[in-house]
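What follows is calculated from the coordinates using simple rules that are stated; it is not laboratory data. No experiment lies behind these values; they were computed from the predicted model shown. Ideal geometry is used to build each Cβ from the backbone, glycine not excepted, and the neighbour counts take in all protein chains shown.
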Amino acid sequence: MSDILVVDAHQHVGPWPFPGRWGGIEVNLDLMTRRGIDAAVISSTRAIVENMARGNAELAEAITSHGNLFGYVTLNPTKPDASRQELRRYENVDRMVGVKIHTHYSGCSMGDPRTSRALEMAAEWGKPVLIHTWGAAAVAALEQIAARLPQLNILVAHAGGDAWREGIAAAARQPNLYLDFACSTPDTGAVERALDQIGAEQVLFGTDATLFDPAYMRARFDAIPMGVETRGKIMGSNALSLFGIAAPNMRTKAP
Amino acid sequence: MENVDIHTHIGTQPTDDRAYATADLLRMMDDAGVQHALCAHWGAIRYDAREGNREAVRICATSPRLWPVAVINPAPHVGVRDTIQEAVALGCVGFRLMPGPHTWEPSGAAAARAFEWLDDAGLPTAIEIGAAGQATAVATATAGASLPVILAGVNYALLGEAIAVLERHAHCYLEASRLCTPGVVEVLCETVGSNRILFGSGAPEWHIRPTMAMIEGSEITSGATEAILGGNAQRLYRLGSREMAP
């Protein structure tokens, strides 16, 4: 397993109001080193829960000097004009490789027309979206959007959460839906079912760090029997392809 | 030191399309390096507590690695004392209570009576915490009791309250089944001490390894790791000193 490149497609930078050890990008880097993660695609906690523009700017600055860190531009569906500005601001910043939308913290459900409009903006921008997706209704709404925006690749954060079965079924019908299983409830059989029903290409390793310690999700994936090729896709190469990240030069340590 | 998982299930539930046999649980324990597991039966949680508890005892008798935990639902009130006493007589090593799924309040009168009967039984009692205020209510309602109370299933959003409860109530412990925030094991050891944290997983529906990896990968002493992964459970539940009823 140590030869497999590990890319965490779901990280955040910044503190959370829960017991734990928090901080800035140094926490991400420390956890990645300790848990054997080579690269990460990160969104700003501040941009999600407080100030979109300030958080995005802090993130872009924080990842600049770390070749293995990449960023999501967070959009807030309640602020369409400001969101459009954010996309323009990072249009030519290669290290910002995707868009992050959080339906819960923005107060816009998946079925809210404002969420659809934010996803349409992302589709025009031309990079993948990581979107918080929890529950059967959210999965159903997202599947409809994915069908309407086939050019937009969508990473379904938490794979639907407690509706991971529905998440897998939706990804089976929509090839532009990808699944990230980061969750504090590590259901057995979920990733296995995804591999069985949709194959390895639409499953990406994500941890939700730094909200969660990557050790938690790594242990979940390590416990699932799978071939080297399949593991390589899920743990890293799928993310490289989805985000258009070049593999060389990103590995900074041996896991 | 042998590892002990204090939170596992046997049986099935209607909302779940996965089907796990007891052999699956044992295989998962082998894969994860867990020697012993405390098991509650889904039938006791979902259907009939007494019948399900008997089934847990019957299944656990088939393996020396499985230890039955009796599910107690205080909500019906009538008959609850008998359920507790029968579970003790059958050899259950502890109790598990679920205020959320069973719709009772820890501060309510039915719960107060159940806590008195559980105290008489003297077995460790794990209570699942699923909402803000529940941990405090549980600790307050059991403050005069002698039984160890284990706050179970506490997620990261409710953990701060659980820590505050453990700081104030020496009879309370914490089940480590959803510890996933960075540094949380170290924080717990510093604030409440490693002797009050017990490893649990939620297997077979949840993977065993994630929580174990959090404990093993934390910067705590090997003694603290051993205590959390098994020593505390062996001490509290007195595993090894009991014989199953025939």
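Could you order the peptides B:117-126, A:205-214, B:21-30, A:31-40 from most to least packed, using the average number of other C-beta atoms within 10 Å per residue?
A:205-214, A:31-40, B:117-126, B:21-30
Just the C-alpha atoms of chain A: what Rg/Rh do they give, with Rh taken as the Kirkwood radius?
The Rg/Rh ratio comes out at 0.93.
Where nothing but the Cβ of Lys and Arg (+1) and of Asp and Glu (-1) is charged, how large is the charge dipole of region A:7-243 around its Cα centre, in debye to the nearest 20?
About 280 debye.
For peptide B:182-191, how many partner chain Cβ atoms fall within 10 Å of a residue's Cβ, on average?
Mean shielding count: 4.
How are the C-alpha pair distances of the protein assembly as shown spread across 10 Å bins, as whole percents from the shortest bin up?
For the protein assembly as shown, the binned pair fractions read 4, 20, 28, 24, 15, 7, 1, 0 percent.
Looking only at Cα atoms, what is the convex hull volume of region A:12-54 per residue, in Å³?
Cα-based convex hull of region A:12-54, divided per residue, equals 72 Å³.
Just to be sure I understand: with springs between alpha-carbon atoms less than 10 Å apart, which residue in A:ASN153, A:ASN76, A:ASN92 has the highest mean-square fluctuation in the Gaussian network model of chain A?
Top of the fluctuation ranking is A:ASN92.
Return A:TYR105, B:TYR20 ranked ascending by Cβ neighbour count within 10 Å, so the fewest neighbours appear first.
In order of increasing Cβ crowding within 10 Å: A:TYR105, B:TYR20.
Give the average, rounded to an integer, of partner chain Cβ atoms located within 10 angstrom of each Cβ in A:59-72.
Average per residue, whole number: 0.
Between B:ARG168 and B:SER107, what is the label-point separation in nm under the 7 Å Cα-to-beta-carbon projection?
1.2 nm
If r is the Cβ-Cβ distance from A:GLU61 to B:ASP119 and R0 is 51 Å, what FRET efficiency results, to the nearest 0.05?
FRET efficiency, A:GLU61 to B:ASP119: 0.35.
What's the FRET efficiency of B:ASP16 with A:GLU26 using the Cβ-Cβ distance as r and R₀ = 41 Å, to the nearest 0.05?
Once the sixth-power term is evaluated, E becomes 0.50.
Listed highest first by mean packing, meaning other Cβ atoms within 10 Å per residue, what order do B:62-70, B:43-51 come in?
B:62-70, B:43-51
Mind jotting down a quarter of the surface of the convex hull over the alpha carbons of region B:4-237, in square nanometres, one decimal?
Spelled out: convex hull of the Cα atoms, projected over all directions, averaged, 11.3 nm².
Need one number: the % of Cα-Cα pairs in region B:122-206 sitting beyond the 19 Å mark.
Looking at region B:122-206, the distances longer than 19 Å represent 30 percent of pairs.
In a shell of Cβ-Cβ distance under 12 Å around B:ARG54, excluding B:ARG54 itself, what net charge do Lys and Arg (+1) and Asp and Glu (-1) give?
Within the 12 Å Cβ shell, the charges total -2.
Would you compute, for the Cα atoms of region A:58-139, the largest minus smallest coordinate along each principal axis and list the three values in descending order, in whole Å?
40, 24, 20
Mind listing the phi-derived Karplus ³J(HN,Hα) values for region B:35-45, rounded to whole Hz, using 6.51, -1.76 and 1.60 with θ = phi - 60°, and x for any glycine or proline?
Couplings: 8, 10, 9, 8, 10, 10, 9, 4, x, 6, 7 Hz.
Take every residue in peptide A:127-140, count the Cβ atoms of other chains within 10 Å of its Cβ, and give the average of those counts.
Per-residue shielding by partner chains comes out at 0.
Under a crude label model (7 Å from the Cα following the beta-carbon direction), how far is B:GLN85 from A:ARG95 in nanometres?
In this crude label model, B:GLN85 to A:ARG95 measures out at 7.0 nm.
For region A:166-255, restrict the atom set to alpha-carbon positions and state the Rg and Dmax in Å.
13.1, 38
Per residue and in Å³, how big is the convex hull formed by the alpha-carbon atoms of region A:51-198?
112 Å³
Quick one: grab Rg to one decimal and Dmax as a whole number for region A:108-193, Cα atoms only, in Å.
12.1, 37
In a GNM of chain A with a 10 Å cut-off on Cα contacts, which of A:PRO113, A:PRO186, A:PRO17 has the highest mean-square fluctuation?
With Cα springs under 10 Å in chain A, the top fluctuation among A:PRO113, A:PRO186, A:PRO17 is at A:PRO17.
Find the centroid of the Cα atoms in region B:99-151 and in region A:113-158, then give the distance between the two in whole Å.
Centre-to-centre (Cα) distance: 43 Å.
Can you tally the net charge around B:GLY183? Count Lys and Arg as +1, Asp and Glu as -1, for every other residue whose Cβ sits under 9 Å from the Cβ of B:GLY183.
-2
For region A:49-65 and region A:177-253, what is the centre-to-centre distance using only Cα atoms, to the nearest Å?
So the two Cα centres are separated by 25 Å.
Quick one: order A:PHE181, A:PHE18 by neighbouring beta-carbon count within 10 Å, fewest to most.
By the 10 Å Cβ count, ascending: A:PHE18, A:PHE181.
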